[in-house]
Amino acid sequence: HPRIVFAEIQLAGRGRRGRSWLAPFGSGLTFSVGWTYPELPVDLSALSLAMGVQVAGALREAGATETMLKWPNDVVWRHRKLGGLLIQLKLEAGGAASIVVGLGLNVALPPDARERLATSGAAPVADLREAFGGDPPGRNALAGRLVKAIFDGLTQFGREGFAPFAARFAELDSLAGKLVCVSQAAGSVEGRAFGADRDGALRVDVGGRIERFIACDV
């Protein structure tokens with residue numbers, strides 16, 4: 001059975017590569033969904049992209065029509081970060097796959113939190129007040145909408161993998177066609193973003209050659 005845990009405040013939230021996530025009291029939506037697949041789904045490495053499609057779609061349907069995605073797991077508005085997803089999994093050889101989908105969304109960030117984020121070197125941020133052009137729907141209503149979207153997405157992903165989400169991700173991909181710098185431990189590469197493969201890898205045209213990236217910063 002699915003499990004859900006909500007938090008009203010997050011002082012030591014964690015994002016990709018151990019980065020911090022700040023959610024002052026009552027300022028956002030922060031929750032985790034626990035889900036178990038009896039067998040390993042296909043395209044599991046693309047699960048964060050599929051979950052991004054579900055979250056962005058739910059926000060757009062609610063009225064935040066410019067919500068987009070930044071590979072691999074950021075929810076953005078006008079190229080500023082509204083929130084992020086983090087997928088964690090535990091696999092059993094030949095058995096079940098236990099998934100935790102964590103989501104943090106800025107609903108109404110107070111000025112002091114914005115200042116702290118700006119001075120910390122974090123990516124530029126936005127909140128749902130801006131994305132909705134005024135007061136967004138109540139957090140309970142948004143939570144219900146987002147949880148349903150994630151449940152529906154997890155169910156479909158378990159049956160069909162990333163294929164039914166791929167076209168929608170391409171429509172929501174804020175990096176598509178953009179010049180990007182891809183940073184890895186071995187160094188940086190510059191090129192033009194070219195969408196995602198079915199396994200979730202980012203494709204970048206580097207000097208006329210398409211290269212694939214799985215674990216990197218863009």
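The values are calculated or read from the model by the stated rules, or taken from the named source; none is laboratory data. Since we're looking at a predicted model, the values are computed, not measured. Cβ atoms come from the backbone with ideal geometry, glycine included; neighbour counts cover every protein chain shown. Protein only, heavy atoms only, side chains kept; ligands, DNA and RNA dropped before computing areas. Shrake-Rupley method; radii C 1.70, N 1.55, O 1.52, S 1.80 Å.
A Förster distance of 41 Å, applied to the separation of the beta-carbon atoms of CYS181 and ASP112, puts the FRET efficiency at 0.85.
Given the stretch 140-218 reduced to its alpha-carbon atoms as identical point scatterers, what log10 I(q)/I(0) does the Debye formula return at q = 0.14 Å⁻¹? Scattering profile of the stretch 140-218, log10 relative to I(0): -0.59.
Select from the stretch 12-111 those chymotrypsin sites (Phe, Trp or Tyr not before Pro) which occupy a DSSP coil region and have at most 15 other Cβ atoms within 10 Å, ordered by residue number.
When the chymotrypsin sites (Phe, Trp or Tyr not before Pro) of the stretch 12-111 are filtered for loop state and at most 15 Cβ neighbours within 10 Å, PHE25 remain.
Estimated at 0.36 nm per residue, the fully extended path between ARG129 and THR155 surpasses their Cα-Cα distance by 6.3 nm. Note on LYS70: lysines with a C-alpha under 20 Å away, same-chain residues under 8 apart excluded, are LYS81, LYS178.
If each DSSP helix of 4+ residues adds -39,500 (n - 2.57) and the sum is divided by the residues in the chain, what number results at 222 nm, nearest 500 deg cm²/dmol?
Rounded to the nearest 500, it is -9000 deg cm²/dmol.
The Rg/Rh ratio for the chain, using Cα coordinates for both the radius of gyration and the Kirkwood hydrodynamic radius, is 0.95.
Work from the charge dipole of the stretch 53-96 (Cβ charges, +1 for Lys and Arg, -1 for Asp and Glu, about the Cα centre) and give the residue of LEU89, VAL55, VAL75 farthest towards its positive end. It is VAL75. Can you list the residues of the stretch 24-41 with backbone N under 15 Å from a point 7 Å past the Cα of ALA122, pointing along Cα to Cβ? Counting only backbone N, you get 24-31. Its relative contact order, with pairs defined as Cα atoms under 8 Å and 6+ residues apart, puts the chain at 21 percent.
Dipole magnitude for the stretch 146-218: computed about the Cα centre from +1 point charges on Lys and Arg Cβ and -1 point charges on Asp and Glu Cβ, it is near 100 debye.
What dipole magnitude, in Debye to the nearest 20, does the stretch 49-132 give about its Cα centre under +1 on Lys/Arg Cβ and -1 on Asp/Glu Cβ? Display every interim value, and only then the final one.
Working: 9 positive and 8 negative charges, 26 e Å.
I would put it at about 120 debye.
Within straight-line reach of LYS90, meaning a Cα separation under 13 Å, sit the following aspartates and glutamates at least 8 residues removed in sequence or on another chain: GLU39. Kindly state, to the nearest 0.05, the FRET efficiency for ASP199 paired with PHE25, given R0 = 41 Å and r defined as their beta-carbon distance. Taking R0 as 41 Å, the efficiency between ASP199 and PHE25 is 0.60.
This model, with +1 at the C-beta of Lys and Arg and -1 at the C-beta of Asp and Glu, gives the chain a dipole about its Cα centre of some 240 debye. Residue ranking by accessible heavy-atom surface, 1.4 Å probe, largest first, among ILE87, ILE4, ILE150 comes out as ILE4, ILE87, ILE150.
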